[in-house]
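The values are calculated or read from the model by the stated rules, or taken from the named source; none is laboratory data. Since the structure is predicted, the reported quantities are computational estimates derived from the model, not experimental observations. In this analysis, Cβ positions are derived from the backbone assuming ideal geometry, glycine residues included, and neighbour counts consider all displayed protein chains. These accessible areas exclude ligands, DNA and RNA; they are computed on the full protein's heavy atoms, side chains included. Shrake-Rupley method; radii C 1.70, N 1.55, O 1.52, S 1.80 Å.
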Amino acid sequence: TAKKETHEFKTEVQQLLNLIINSLYSNKDIFLRELISNASDAIDKLRFKSQTDPEILGDDTEFKIRIVADSEKQTLEISDNGIGMTYDEVMENIGTIAKSGTAAFLEALEQSQKQETLTPELIGQFGVGFYSAFIAADKVTLITRAAGPEATATQWESAGDGSFTIEETTKDSRGTTVILNLKKTEPDEKNFTDEWVIRNIIKTYSDFVEYPVLMDVEKDEPIPEKEQVLDKDNNPVATTRKVITEDTLNSMKAIWAKDKKEVTDDEYKEFYKHISHDWNDPLTHIHLKLEGTTEYTMLLYIPSKAPFDMFQQDRKHGIHLYCKRVFIMDDCKELLPEYLRFVKGVVDAPDLNLNVSREILQQDRLVKNIRKNLVKKVLELFAGMEKETYENFYNEFGQVIKEGAHTDWENKDKIADLLRYKTTKSDDKLVSLQDYITNMKADQKEIYYITGDNLSTLINSPHLEQLKEKDYEVLLMTDPVDEWVTMALTEYKEKKFKSAEKGDLELDKVDDDKKDEYTTLFDYIKSNLEDKIKEVKPSSRLKDSVACLSGDDYDMSAYMEKILKASGQ
Ligand code: ADP
Ligand code: MG
């Protein structure tokens, strides 16, 4: 067999690990949640695989998570009979390769110089998972064997101090065991081998995990009368005795299947954290049971913070798909469009085929129906938010929502309703297109906008001089996708979008004789800038400035040209 190897943690991983240890010491409990969540994920994966490959389960068909606490040795073990990992998978998943976005996350932290005040909320946006074991342990050992015919197992071990060892080992059955060598605790601190401490944490964080979390506990059992030992007065010495029994610590109730009234706020929140890997509370949720031709239950959450990887290619989607409370898959991209990828939650569709594959899902009529419905409900949820909640939401997710304007034709109008912009008149406040239209001047026909990357440059742009004089409001668009949005929507409530930088503004009418007055000057300018400009024209758009550059109606704006150039197009 291969010998023991020592490897260095990837720098980012070690940095992250130090951050976790230093910032979460007052929030130690969550390590158990993370490890149970990994165990539950591993069983989910195996269950998914077993739907097409039932053989893979062998005779180990009862999924479970097991906890063994040893108060003498001060160790805590968390085991699962899930999918396990091969040697290469351990190398890949733990220690050597940082999760995508780790570097970006650390960099963002550095810039905000928040290291010392790092809160669980901040780090929660990232999701740290396995490494949280080092909050409670000074040594972590992981022993794992992948499901399937391969019989060798792998042992990984680290003290969280920069390196880990990895070697081949043996293990009787598939799955993963994580053994924590607990840090010394002060007498007034919680001891994580204590049954009630463990029960409590699991009740709080992991109650709805779908697989039983089992632990051997000591219980008092009544002693049958004929076995009782009697004292000299013929009274039993003891009527009960201690026995070790296996207890299930979680209720395993699928909260989406419950009646709304039976679910507390805290339960909703904890369930969110369980499925989203986010440590922050969600902004809001929607829990609905739909009956009729397409029957399904949805429990969807809107996060309060945008995830770090929202604009990364390999980001995951947030929907978990179930059929009658049986997990089918997570990361279900078929149920919501890309621009709603930040929505997390569960969809349980009883009529779905359990053996459904991702390929089939795309074709499935039922799935298409559900998707349509979900989008509708989610857009309604956004539209119905209180102003303040909505603005929080919009600041985090507005940029993604805008993608929908040019990808979701069916819901274009609803998406347009959701847009908010600062304007030349809004004093830094966000304004909806409806507000804009309501405030339009009597003689104003179009919705004016200007694009660029900087608000103050936009406000002072010479393009706006005449519009200002007319007292027309202009939308200030600073997001690169805004230009696409105006191109995709073209109008809102029959008012056309009109760039303040392009083409003839309706108000650009100039007397023809004025034109002649300047012919010599214009010819002179044109001859000097021949290959840079198309035309030189008089304009009443300007009031104080002498000249400005402007494009044709169907040209790109200067800002768009800049963006495209920067992206190499
Ligand atoms: P996340 O769960 O968000 O992916 P973690 O840090 O918790 O991140 O875990 C990293 C990876 O290690 C997981 O994605 C998984 O591939 C692997 N892993 C962790 N725990 C287990 C386990 N109990 N069984 C199988 N694989 C695991
Ligand atoms: Mg995890």
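If the cut-off is 15 Å between C-alpha atoms, which aspartates and glutamates fall inside it for Lys232, apart from same-chain ones fewer than 8 positions away?
Output for Lys232: empty list, no partners.
Could you tell me how far the Cα centroid of the stretch 303-323 sits from the Cα centroid of the stretch 387-419, in Å?
Here the two parts' Cα centres lie 17 Å apart.
Applying 1/(1 + (r/R0)^6) with R0 = 60 Å to the Cβ-Cβ distance of Lys470 and Leu288, what FRET efficiency is obtained, to the nearest 0.05? Provide the component values of the computation, followed by the final result.
On the way: r = 47 Å, r/R0 = 0.79.
The calculated FRET efficiency here is 0.80.
Calculate, for Lys445 and Val243, the FRET efficiency according to 1/(1 + (r/R0)^6) with r their C-beta to C-beta distance and R0 56 Å; round to the nearest 0.05.
Details: r = 84 Å, r/R0 = 1.51.
Efficiency, from the Cβ-Cβ distance: 0.10.
Just to confirm, what accessible area per residue do you get for the chain at 1.4 Å probe, in whole Å²?
Values: 30160 Å² over 569 residues.
Roughly 53 Å² per residue, with all protein chains present.
Specify whether the C-alpha gyration tensor of the stretch 146-209 places it in the rounded, prolate or oblate class, a ≥ b ≥ c being the square roots of the eigenvalues: rounded for a/c under 1.5, otherwise prolate if a/b is larger than b/c and oblate if not. Spell out each step's value before the answer.
Details: a/c = 3.08, a/b = 1.51, b/c = 2.05.
Judged from the Cα gyration tensor, the stretch 146-209 comes out oblate (a/c at least 1.5, b/c at or above a/b).
Which aspartates and glutamates, on any chain, are close to Lys10 with Cα under 12 Å apart, when same-chain ones fewer than 8 places away are left out?
Glu92, Asp161
What full-extension length gain, to one decimal in nm, is calculated for Asp231 and Trp196 as 0.36 nm per residue of separation minus the Cα-Cα distance?
Working: separation 35, 0.36 × 35 = 12.60 nm, distance 3.39 nm.
Separation in residues times 0.36 nm, less the Cα-Cα distance, equals 9.2 nm.
Starting from the Cα of Ser432, step 7 Å along the direction of its Cβ; do the same at Glu189; then give the gap between the two resulting points in nm.
5.2 nm
Expected output is a single nm value to one decimal: the length gained when fully extending between Phe48 and Ile525, i.e. 0.36 nm times separation in residues minus the C-alpha distance. What is it?
Working: separation 477, 0.36 × 477 = 171.72 nm, distance 7.01 nm.
Taking 0.36 nm per residue and subtracting the Cα distance, the gain is 164.7 nm.
Hey, which lysines would be in cross-link range of Lys73, C-alpha to C-alpha under 30 Å, not counting anything within fewer than 8 residues on its own chain?
Answer for Lys73, where 30 Å is the Cα cut-off: Lys3, Lys4, Lys28, Lys64, Lys139, Lys171, Lys183, Lys184, Lys190, Lys203, Lys219, Lys242, listed by chain and number.
Going highest first, how would you order 524-530, 300-306 by mean Cβ packing within 10 Å? Walk me through the numbers before you get to the answer.
Values: 524-530: 11.0, 300-306: 22.1.
Going by the mean number of other Cβ atoms within 10 Å, highest first, we get 300-306, 524-530.
Set the Förster distance to 22 Å, then compute FRET efficiency between Tyr25 and Ala159 from the Cβ-Cβ distance, nearest 0.05.
On the way: r = 17 Å, r/R0 = 0.77.
So, using R0 = 22 Å, E works out to roughly 0.85.
Restricting to DSSP H runs of at least four residues, report the calculated mean residue ellipticity at 222 nm for the chain, -39500 (n - 2.57) per run over all residues, nearest 500 deg cm²/dmol. Working shown, then result.
Working: 19 runs with 186 residues, N = 569.
Theoretical 222 nm ellipticity from helices: -9500 deg cm²/dmol.
Quick check: at a probe of 1.4 Å, how many percent of the accessible area of the chain sits on carbon and sulfur atoms? Working shown, then result.
Numbers: 14160 of 30160 Å².
Answer for the chain: carbon and sulfur cover 47 percent of the accessible area.
In what sequence, highest mean first, do 235-248, 160-173 appear when ranked by Cβ atoms within 10 angstrom? It would help to have the intermediate numbers written out before the result.
Numbers: 235-248: 11.1, 160-173: 15.1.
Listed from highest to lowest mean packing, they are 160-173, 235-248.
Could you check the simple spin-label distance between Thr478 and Ile223, using points 7 Å along Cα→Cβ, in nm with one decimal?
Using points 7 Å along Cα→Cβ, the separation is 7.8 nm.
What is the list of residues in the stretch 398-442 whose amide nitrogen lies under 16 Å from a point 7 angstrom out from the Cα of Glu380, following Cα to Cβ?
Inside the label zone: 411, 414-415.
For a 23 Å ceiling on Cα separation, which of these pairs sit above it: Lys45/Lys289; Lys253/Lys344; Lys305/Lys493; Lys305/Lys422? Can you show the working numbers first?
Numbers: Lys45/Lys289 26 Å; Lys253/Lys344 19 Å; Lys305/Lys493 31 Å; Lys305/Lys422 21 Å.
Pairs exceeding 23 Å: Lys45/Lys289; Lys305/Lys493.
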